[in-house]
Structure formats: C-alpha cells, structure tokens
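*Asks:* A single structure is presented below for examination.
Nothing in this text is a laboratory measurement; each read-out follows from the coordinates by a stated rule. Just so you know, these numbers come straight off a predicted model, no measurement behind them. Quick reminder, even Gly has a Cβ in these numbers, built from the backbone with ideal geometry, and neighbours come from all protein chains shown.
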Amino acid sequence: MKNKNDDSAMFGVNSIKFKIRLAFGMILAISAALIFISVYSFEAYFKQVYDYSSSYYEVLNIKNSFDSMNKSIENYWKDGSEDDLLEFNIEKNEISKSIEKMQSDNIYLRDDEQHALLHSISQSYEIYISHINSLALSADRTASLTEYYNTYQADSEYIDSYINQLLNMSFTENESYYKNFKSKMTVSFVMQFSALVVILLMISYIIYLITRHIVQPVLQISAQSKEIALGNFDVEDIAVPEQKHKNEISNLIFMFNHMKNNLKNMFETSEQNLKMAQELINEQKKYETVAKELSSEKRQNEILFQKANYDNLTNIFNRNAFENNVRETIDIFTEDSLGALFVIDVDNFKSVNDTLGHQGGDEVLKSLAYSLSNVLADCGFAGRWGGDEFVGFISDAPNLHFIHQKASNLCQIMNKQFIFKGMIHHISISVGVCPVFMGDDLKTIYEHADEVLYDVKESGRNNFKIYMEPSIVRSTDI
C-alpha cells in the first residue's frame with residue numbers, strides 16, 4: 001500500500017527535484033527578463049544601423065561598378081574582347097538599378113544634401129553613359145579610346161568625385177551611429193553583469209543541493225558499480241538511509257539494488273551473446289574487404305578501357321575503337337539504312353604549329369574534336385585517326401541532304417580565327433565524305449572519303465566534298 005511519505009518524496013516541497021526546478025525556474029525568469037529588455041531596447045536601433053549600413057554599401061556598390069565599367073570598356077577598346085564588352089554592359093545596368101533603387105526608397109538617403117548629390121550623379125551619369133555607348137558601338141576602337149581619353153575621362157573623374165562625396169557622407173553617419181551603439185552596449189553590459197551575479201547565486205544553491213543530497217549517495221553507488229563492472233555480483237545491497245522524508249535518492253538506491261540482481265542473472269548468458277556478436281562483426285569485415293577489392297578492380301578496368309578506346313589528347317575514340325564501332329554499326333544496317341564517313345584534316349597544320357607552337361596546335365586539335373563531337377552528337381560519333389586527321393561517322397541519316405548539312409556546319413564552325421596566348425592564327429578544315437550503305441567495307445569507304453578529301457585540298461581547302469559513284473560530285477551540286 002502506498003503511504004504519504006512516498007507521495008511527499010515525489011511531489012512535495014522536500015523533493016530535491018522540486019528545489020532544483022525552483023532554482024532553475026528563477027534563473028530562466030531572470031534570463032528571459034534580461035533578453036526581453038535588451039531586445040526591446042535595441043530592436044529599433046539595430047534597424048537604423050542596418051538602414052545606414054545599407055545606404056553605405058549601396059553607394060559603395062555604385063562606385064565599384066562604375067570603376068569596373070570604365071576599366072572594362074577601356075580593355076575592350078584596347079583588346080577587342082567581347083567578354084570585356086559584356087562586362088561593361090552588366091556593370092552599366094547594375095549602376096542604373098542601384099541609382100533607381102536609392103531614388104525610390106527613403107531608407108538610403110535622409111537629407112536634402114544627399115538627395116541633391118544622388119540627383120547630380122544620376123544626371124551626369126546619363127549624359128556620360130550616352131557618349132560612352134556611342135563610342136562602344138564604333139567600329140574604330142582605337143579612335144574611340146583616344147576620344148575617351150581626350151574628352152570623357154574628365155567627366156568620369158567628375159562623376160567619381162560625386163560618388164566619393166556621397167560615400168563619405170554615408171560613412172560619417174555610420175560612424176556616428178556606431179559610437180551611439182557603443183554607449184548603449186555599456187548600459188547593456190551593466191544589466192547583464194547584474195543578472196549574471198544573481199544567476200551565479202542560484203547556481204551556488206543548486207550545487208549545494210546536489211552535493212548534500214545527491215553526490216554522497218552516488219559515491220556509494222559508484223563504489224558498488226566498480227565491483228559489478230569487475231564481475232563481482234555477490235556484493236551486498238546498499239542500505240537505504242534512514243530519513244524522515246524519502247526522496248529520489250532513496251528510490252534510486254532501491255532501483256540500483258534491483259538492477260544489480262537482474263544483471264547478475266543476465267551476466268550468465270552474456271559471454272555467449274558476445275561471441276555471436278563478434279562472429280557477425282568478423283563476417284561483416286570480410287564482406288567489406290571483398291567489396292573494396294571489387295570496387296578497386298572495377299576502377300582499374302575502367303581506366304584500362306579508357307586508355308584502350310579513347311585518345312589521350314582529345315578524349316574521343318582512338319582509331320581502333322572508331323573502326324570497331326563503325327564495323328558494328330554497318331553490321332546492323334538494313335537496305336533502308338544510310339550513313340556517312342567523314343575524313344577531316346586541319347588545313348596547313350604545320351603552319352599552325354609554327355605560329356602557335358605545339359601546345360597551341362594541341363589546342364586546335366582539341367577544338368576540332370569538340371566541334372566534331374557536337375555536330376555528330378545526335379546522329380553518330382567522332383574519332384581521331386592520327387596526327388591532325390580526324391574521322392566521324394553518321395549512323396542514321398534520313399537522306400543525303402542531312403549529310404551535306406552536317407559537313408557544311410562543321411566547316412563553318414572550324415573556319416575561324418584561333419587565339420592562343422595572345423597569338424592569332426586563322427584555321428580551317430578540309431572534309432571528305434563518303435555515304436555508307438548496308439554491306440559496305442570500312443577500308444573501301446575510307447579510301448573513297450580520303451580520295452575526295454585530296455580533291456578538296458587540291459582545289460583550295462576550307463571545303464568539303466561527298467563521294468558518289470560513279471563520279472565525284474561537289475557538295476554545291478547536291
């Protein structure tokens with residue numbers, strides 16, 4: 001039957017749990033009050049600091065964009081890089097957005113002087129950028145750069161001085177609010193220190209309760225636990241102390257004694273369970289070792305496959321892999337199937353190497369491999385035959401016009417100015433094409449394609465021809 005002492009131990013004011021909860025409750029109440037006061041006091045101020053900081057960084061963004069815009073357009077006039085022109089347009093739009101944003105939102109500007117400065121920046125910038133846009137569209141970049149230096153660079157410096165004035169005003173305001181913030185933080189620190197003293201007193205009381213009512217009984221339980229950990233379950237039960245009011249520790253000692261006796265019974269079968277667990281762990285380790293070996297073997301096979309089938313420089317099929325794929329494709333052709341073999345040479349490749357160096361020549365070959373793969377991506381595959389000679393195969397062409405179109409696209413893509421480390425060299429390719437039908441032999445169709453490739457070279461290069469029996473037909477005749 002449950003008595004009143006048990007109830008008071010669990011729910012009464014003599015309970016250690018009650019006393020500790022009361023102390024913790026007071027700590028939480030003081031902390032919550034401090035947080036409420038701090039948040040209430042500083043919320044509005046922090047919003048103002050954020051607004052002023054936003055103003056400063058928005059002006060700083062205009063300045064950085066303006067400097068970057070001028071640098072980009074100068075570089076464009078000097079080097080003719082389309083990337084610089086693109087950067088110029090991006091920064092130009094960014095400046096316009098920032099000015100419009102600051103004019104439409106009052107959180108950025110707070111007095112008439114700042115508004116006047118921003119208005120001057122906006123007007124001067126619109127006039128300045130209209131002139132720069134006109135110069136940017138001019139075909140004569142050298143003349144544009146000269147006119148910029150002679151006429152409009154002073155306007156740029158004039159606008160920059162306006163931006164610097166607005167930036168300095170924003171910085172001065174931010175500095176003033178920062179000093180005010182430091183003053184408020186001093187008051188907050190004093191309040192927090194006072195609250196900390198009260199919290200430390202509460203913690204001291206909690207430590208007292210824990211030491212007197214918990215630590216000493218727990219030391220007894222700890223000593224008994226050491227004996228049990230050594231496998232000695234024959235130790236006597238811990239005596240429950242005589243107390244006027246029972247508490248949680250009394251209940252803990254009772255439950256500990258009960259747990260010790262249960263462990264004694266469980267220990268008899270624990271060794272067998274541990275042995276079974278160890279066997280499972282060993283099996284798991286064996287499986288993991290096998291899995292790692294299989295993974296390593298798979299990776300090695302992938303590396304060997306890559307080396308055996310792909311060209312190291314261009315990462316497309318090498319000659320052997322290309323031939324195998326072509327033969328496999330022709331083997332499954334039907335009477336209605338139509339394909340095509342492309343044989344491609346870089347025009348005057350020796351001249352390319354002489355001008356750009358071997359490293360530059362390699363980059364040209366990579367560019368050709370990339371373009372060839374893209375052109376044939378939806379209908380075939382590409383390969384490197386050797387040196388500067390490449391091959392491509394269309395495995396599913398709807399008609400001869402489709403083959404003609406692919407060859408024309410490839411020639412157009414590769415007819416360009418190639419830039420490498422500041423050096424420029426015009427490159428082009430010559431292409432020989434042979435249609436492929438069911439039962440065709442790779443050697444024969446390669447000889448046909450190579451034959452018309454030779455004709456292209458003899459007729460001036462930078463073109464393609466398609467081989468058609470019984471005679472050779474120029475691409476323009478199809």
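*Asks:* Taking 0.36 nm per intervening residue step and subtracting the Cα-Cα distance, what contour gain separates PHE305 from ASN61 on full extension?
*Replies:* 82.6 nm
*Asks:* Amide H of MET468: which non-local residues (sequence gap of 5 or more, or other chain) have their own amide H closer than 5 Å, using H built in the peptide plane?
*Replies:* Here the answer is VAL473, since their amide H atoms fall under 5 Å of that of MET468.
*Asks:* Let me ask you something else. Based only on the alpha carbon positions, what is the Kirkwood hydrodynamic radius of region 379-478, in angstrom? Let's see the in-between values first.
*Replies:* Numbers: mean 1/r = 0.0691 Å⁻¹.
In region 379-478 this quantity evaluates to 14.5 Å.
*Asks:* Search the structure for amide H atoms under 5 Å from the amide H of SER428, placed 1.01 Å from N in the peptide plane, and list their residues when 5 or more places away or on another chain.
*Replies:* ASP347
*Asks:* Now for a separate question. Above 28 Å lies some portion of the pair distances; for region 325-458, what is it as a whole percent of all C-alpha pairs?
*Replies:* Considering region 325-458, 18 percent of its Cα-Cα pairs are separated by more than 28 Å.
*Asks:* Which FRET efficiency value, to the nearest 0.05, is calculated for GLU82 and TYR287 with the Förster distance at 51 angstrom and r the Cβ-Cβ distance?
*Replies:* So, using R0 = 51 Å, E works out to roughly 0.35.
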